[in-house]
Amino acid sequence: MSDKRQKNQLVLAFTEEGRSEAPKASQEGTESLTAKCATERPASHEQLMEEVCERENCWQAYKRVKANKGSPGIDGMKVGELSGYLKQHWPTIREQLLNGTYKPQPVRRVEIPKPGGGVRNLGIPTVLDRFIQQAVMQVLQRRWDPTFSEHSHGFRPKRSAHQAVAKAQQYIAAGHRWVVDLDLEKFFDRVNHDKLMAAIARRVTDKRGLRLIGAFLKVGVMSGTAGDDERHALSHATTQAQGKRGQECSGSTSATEVLGVQLQQQRGISLEQMMKELAAYLRGWKSYFGFCQTLSLLKKLDKWIRRRLRSMIWKQWKRGKQRYAKLRHLGINSVLAAKTAGSPHGPWRLANSPALSYALPIAYFDSLGLPRLFAGATL
């Protein structure tokens with residue numbers, strides 16, 4: 001093997017523009033480094049770590065980590081800094097991976113408040129460790145995925161929850177009526193690492209790969225201050241929790257929830273902002289659930305959402321005089337406007353009245369950018 005080829009194997013060019021640049025050869029230490037790798041590398045017919053460190057595999061791992069973004073780990077390195085770091089340090093990192101001496105850094109612990117109370121502990125590895133984890137996962141996934149069950153759809157390439165639902169619909173159409181629901185609650189919190197590594201060892205013979213996976217499983221946790229993104233997210237969650245507690249203390253009813261969006265809490269913002277936030281949620285929801293075959297449910301849900309919004313708008317108008325003026329402005333005749341504005345009935349019932357149905361039709365919500373879940377909606 002020529003010196004030039006040996007040098008190129010130790011350098012991986014992680015460029016932002018693409019992979020067209022030729023790797024820059026290292027100017028020293030090539031022969032001794034190659035000999036060191038050969039002597040310390042465990043005798044094994046499997047070349048798992050060579051596949052992990054292969055140029056194309058690493059490039060794909062880098063692109064995935066960059067696309068996923070995410071917050072820095074304990075070292076403070078951001079995703080955008082990974083390329084420059086790898087250009088400078090990849091030969092050393094690669095040597096450690098091939099020798100089986102790479103040591104992951106501790107993960108940074110962040111506590112995320114849960115809506116129902118309590119916190120969820122989130123461990124954030126460093127960007128470099130996420131890159132290496134992704135590179136290892138890609139190699140194992142290529143080997144193992146073909147051996148998985150045809151009926152398994154979760155966390156697998158080219159498979160999705162939509163496919164699982166479509167398969168379930170086929171079973172229902174075939175006359176099946178029973179479903180067995182298995183949920184491995186807190187699996188990753190409670191899994192026995194020794195048993196897990198034993199199961200992996202039945203498929204992986206490369207001792208370096210096993211040592212690396214074991215190191216990731218046993219890596220420590222360091223508590224640190226959340227970054228700007230986490231602080232912003234945590235502050236938003238705290239505000240929601242405080243609002244809910246205050247609502248309970250005041251004796252008012254709890255917020256009505258539509259598809260996870262608490263509409264009652266949005267009364268203090270403009271209608272336009274309310275529509276913007278709700279529309280974004282509904283578009284995402286529709287893209288996931290909109291393929292369902294029970295169109296009547298979508299129609300009912302569509303109708304319920306608009307009725308709920310009319311109810312909220314009616315509350316925002318507050319008093320009879322303002323309500324009368326708003327109805328007249330929206331084209332309701334004086335008799336019907338006066339009768340509705342002076343009605344003793346509550347907002348939910350009046351939201352379905354002729355006056356509000358005419359004043360706030362589907363076209364009105366269309367103009368505000370609210371997407372329809374059911375194309376044939378009439379109210």
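Taking θ = phi - 60°, what integer Hz values does the Karplus form 6.51 cos²θ - 1.76 cosθ + 1.60 yield along region 117-123, in sequence order, with x for Gly and Pro?
In residue order, the calculated couplings are x, x, 10, 10, 7, 10, x Hz.
Order the peptides 153-164, 358-369 from the highest to the lowest mean number of other Cβ atoms within 10 Å of their residues.
Listed from highest to lowest mean packing, they are 358-369, 153-164.
When you take every Cα atom in region 272-355, what is the radius of gyration, and what is Dmax, the widest Cα pair distance, in Å?
Every Cα atom of region 272-355 included, Rg and Dmax give 15.7, 45 Å.
For a Förster distance of 25 Å, can you work out the FRET efficiency between the beta-carbons of Asp189 and Thr92, rounded to the nearest 0.05?
Plugging the Cβ-Cβ distance into 1/(1 + (r/R0)^6) gives 0.15.
Looking at the square roots a ≥ b ≥ c of the eigenvalues of the Cα gyration tensor of region 114-165, which shape do they give, rounded for a/c under 1.5, prolate if a/b is larger than b/c, or oblate?
Since a/c reaches 1.5 but b/c is at least a/b, the shape of region 114-165 is classed as oblate.
On a full-extension model of 0.36 nm per residue, what is the gain between Lys158 and Lys78, subtracting their alpha-carbon distance, rounded to one decimal in nm?
Difference between extended and current length: 25.9 nm.
Cα-Cα over 31 Å: which of Lys276/Lys318; Lys299/Lys321; Lys63/Lys303; Lys276/Lys326?
From Lys276/Lys318; Lys299/Lys321; Lys63/Lys303; Lys276/Lys326, over 31 Å: Lys299/Lys321; Lys63/Lys303.
HN-Hα J couplings of region 341-351 from phi, Karplus 6.51/-1.76/1.60, θ = phi - 60°, integer Hz, Gly and Pro as x?
5, x, 5, x, 6, x, x, 5, 5, 5, 4
How much length is gained on full extension from Thr205 to Ser270, taking 0.36 nm per residue of separation minus their Cα-Cα distance?
17.3 nm
Hey, what's the per residue convex hull volume over the C-alpha atoms of region 74-157, in cubic angstrom?
For region 74-157, the hull spanned by Cα atoms encloses 159 Å³ per residue.
Across 10 Å bins from 0, what is the distribution of all Cα-Cα pair distances for region 315-374, in whole percents?
Spelled out per bin, shortest first, that is 22, 53, 21, 3.
Which lysines have a Cα less than 22 Å from the Cα of Lys186, not counting those fewer than 8 places away in the same chain?
Filter leaves Lys114, Lys195, Lys218.
Can you run phi through the Karplus equation (6.51, -1.76, 1.60; θ = phi - 60°) for region 192-209 and list ³J(HN,Hα) in whole Hz, with x for Gly and Pro?
6, 5, 5, 5, 5, 5, 5, 5, 5, 5, 6, 10, 10, 9, 6, 4, 5, x
Here, each number is a calculation from the coordinates, and none is a lab measurement. Keep in mind the model is a prediction, meaning the values are calculated, not measured. Positions of Cβ are backbone-derived with ideal geometry, glycine not excepted, and every protein chain shown enters the neighbour counts.
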